[in-house]
Amino acid sequence: MTNLRFSGWCAIIITLISALILMILPLPHWAVSYRPAWLLLVVLYWVIVLPHRVGISIAWMSGLILDSLQGTLLGENAICFAILSYLALKFHRHIRLLSLPFQSLVILVLLLLNQLLLFWFQGLQGQFVSIQWFFGAIITSTLLWSWVFMVLTSCLKRYKLH
């Protein structure tokens, strides 16, 4: 039983690290504004599917690590991840019952809230943010939610993470 728990946590950590790597990989200049929010999608998946294992603290730590690797204001992504994880945690039973297209709509709303919070933080810092950056990540992340959901669900079934 201990080995199963250990492999379960390893699978969750590996998926989070993989998403973090995808977040910091260099992209061509034209594609930077369309970078999916990989780490946020993975965190939201685990919060929705395994709320007893992954919660607000994991989301907060993931956001802090992302902030430090991206060089953004420390706590910017951490606060956003914590708020969105709280909302996903609060409604995880309802979200899990939805079909995948309707889950994508819920994820769209959460991603929109994330971008609004990031937009606000960057506005407080006096940074200019383009509309392309604002909507590009939302669109690509929403379109990729179904794929992320299916890949992580297969990981969930393979390692029997319940």
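Readers should treat all values here as calculations from the given coordinates under stated rules, not as data from a laboratory. Computed from a predicted structure; not experimentally measured. Note that we place each Cβ from the backbone using ideal geometry, even for glycine, and neighbour counts take in every protein chain shown.
Against the longest alpha carbon principal axis of the chain, how many degrees, from 0 to 90 and to the nearest 10, is the axis of helix 38-49 turned? Orientation of helix 38-49: about 40 degrees from the principal axis. Using a Gaussian network model of the chain in which every pair of alpha carbons under 10 angstrom is joined by a spring, one finds that among L110, L124, L20 the greatest mean-square fluctuation is at L124. The helix-only estimate of mean residue ellipticity at 222 nm for the chain, built from DSSP H runs of length n ≥ 4 each weighted as -39500 (n - 2.57), is -26000 deg cm²/dmol after division by the residue total. Counting other Cβ atoms within 10 Å as a rough exposure proxy, the listed residues M61, M150 run M150, M61 from fewest neighbours to most. By the count of neighbouring beta-carbon atoms within 10 Å, fewest first, Y34, Y45 end up ordered Y34, Y45.
Indicate the gyration tensor shape class of the stretch 1-120 (rounded, prolate or oblate), computed on the Cα atoms with a ≥ b ≥ c the square roots of the eigenvalues: a/c under 1.5 is rounded; otherwise a/b larger than b/c is prolate and the rest oblate. Oblate is the answer for the stretch 1-120, as a/c is 1.5 or above yet b/c matches or exceeds a/b. Please determine, in degrees from 0 to 90 and to the nearest 10, the orientation of helix 56-70 with respect to the longest principal axis defined by the Cα atoms of the chain, where the helix direction is its Cα long axis. Relative to the chain, helix 56-70 is tipped by roughly 40 degrees. Sorting C10, C155 by the number of Cβ atoms found within 10 Å of their own Cβ, with the fewest placed first, yields C10, C155.
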